[in-house]
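A.B. asks: Below: one structure in structure tokens.
Bear in mind that the values in this text are calculations on the coordinates, not laboratory data. Predicted model, so just to flag it, every value in this text is computed and none were measured. Cβ placement follows ideal geometry from the backbone for every residue including glycine, while neighbour counts extend to all protein chains displayed.
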Amino acid sequence: MIAPLIIVVIALCLAGAGLWMFNLARDSERSEEVRQRLQTVLANEETELPIAQNRKLQNPLIRWIVQLFWRAGAEISSSQALLVLLIPSIVAVLIIAVAGLFWGGLISGVLLLIGFGILLRLGAMRRLKIVEQLPDFLESVIRVLAAGNTLEEAFGAAARESAEPIRPLFMSVARQVKLGASIDQVLTEVGKAYRLRDLRILGLTANVNRRYGGSLRAVLKSLIVAIRQRIMAERELRALTGETRFSALVLALVPIGLSLYIYSRNTQYYVTMYHDPSGKILLIGAILLQIAGSLALWRMLNSAGGAES
């Protein structure tokens, strides 16, 4: 009689120990899932908060490279910016070692200018899309404000409903505000990093509203009207200056095309010219003048097109 009772007690103890171990394992699994989820969120915040990392960049060259890639839509870190500096430098040294100092330097410079131009073009296209989406985004912000929410909540709610590329930009702003930064400071930093003066105006508006109060919705409506009028004016200006921009492109490409044609017809022409003392001076001067003229034309067209500063 005692033996079966002992067996029952042992079985109940084992069942209880099994249930305790099962609950312990389930709690441990939940804790691990929560830990992994928090790590994922923190990792995403590290990659999606480039402006917060911008405060830690002390080297102006690294900061300039990082911001250049940010504007183009590629959010890189400072260590990746060092690779961006290192890899082209190694390639340039190899090209100079193979092709010589003059031609290797010329080829390396042309490749760097092409890469720099591509990044600038991608940044300009992305900035243009952000500016075009900004009026609709601000209208969403006004609707959320009308429901009684704060400006920080309005930016977060409007960002979740927006499309690329403005969505990750303002999601980053909303996260930084949640981490304790003031919204006017964050908007000003984003505007400076991405060269968007409309965001700097937004930061100034938020700062004035936070300090002195006032009707924020009225200011946002005025800003929406101003942005849309400016977009229409820039489109009209681009249409009116289309012939001028095409003429500038022809002026920049004709000397390059003519030089390539001469080289294809007589490959020794520039080699002979380079080995002659006066010919070397003329050749280097022509290259420098071509670069300076192309940059001057680009700056003139860029300023006429109403580029952000």
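A.B. asks: With point charges of +1 on the Cβ of Lys and Arg and -1 on the Cβ of Asp and Glu, referenced to the Cα centre of segment 127-234, which listed residue (144, 169, 186) lies farthest in the positive direction of the dipole?
C.D. replies: Highest projection toward the positive end goes to 186.
A.B. asks: Continuing with this model, one more query. Which order results if 61, 122 are arranged by neighbouring Cβ count within 10 Å, fewest first? Write down the numbers at each step before the final one.
C.D. replies: On the way: 61 11, 122 16.
Final ranking by Cβ density, sparse to dense: 61, 122.
A.B. asks: Let me ask something else. Once the Cα gyration tensor of segment 241-309 is found, what semi-axes does its equivalent ellipsoid get, as square roots of 5 times the eigenvalues, in whole Å, sorted largest first?
C.D. replies: The equivalent ellipsoid of segment 241-309 has semi-axes of 31, 14, 6 Å.
A.B. asks: To continue, here is another question. Suppose we look only past 17 Å in the calculated P(r) of segment 127-234. What percent of the Cα-Cα pairs does that tail hold?
C.D. replies: Values: 2859 of 5778 pairs.
Here the tail beyond 17 Å accounts for 49 percent of pairs.
A.B. asks: Please check which bits of segment 162-180 a label hung off residue 129 would reach, taking the label as a point 7 Å along Cα-to-C-beta and the cut-off as backbone N under 11 Å.
C.D. replies: 163-168, by backbone N distance to the label point.
A.B. asks: Explain nothing, just compute: Karplus ³J(HN,Hα) = 6.51 cos²θ - 1.76 cosθ + 1.60, θ = phi - 60°, for every residue of segment 118-124 in order, whole Hz, x for Gly and Pro.
C.D. replies: The phi angles translate into 5, 5, 5, 5, 5, x, 5 Hz.
A.B. asks: Which length gain, in nm to one decimal place, applies between residue 89 and residue 226 when the Cα-Cα distance is subtracted from 0.36 nm times their residue separation?
C.D. replies: Values: separation 137, 0.36 × 137 = 49.32 nm, distance 4.45 nm.
So the chain would gain 44.9 nm between residue 89 and residue 226.
A.B. asks: Is there a quick way to get the dipole size of segment 74-215? I mean about its Cα centre, with the Cβ of Lys and Arg at +1 and of Asp and Glu at -1; what is the value in debye to the nearest 20?
C.D. replies: On the way: 15 positive and 11 negative charges, 40 e Å.
With Lys and Arg at +1 and Asp and Glu at -1, about 200 debye.
A.B. asks: What does segment 121-186 give for Rg and for Dmax, in Å, if only its C-alpha atoms count?
C.D. replies: Radius of gyration, then largest Cα-Cα span, for segment 121-186: 12.1, 40 Å.
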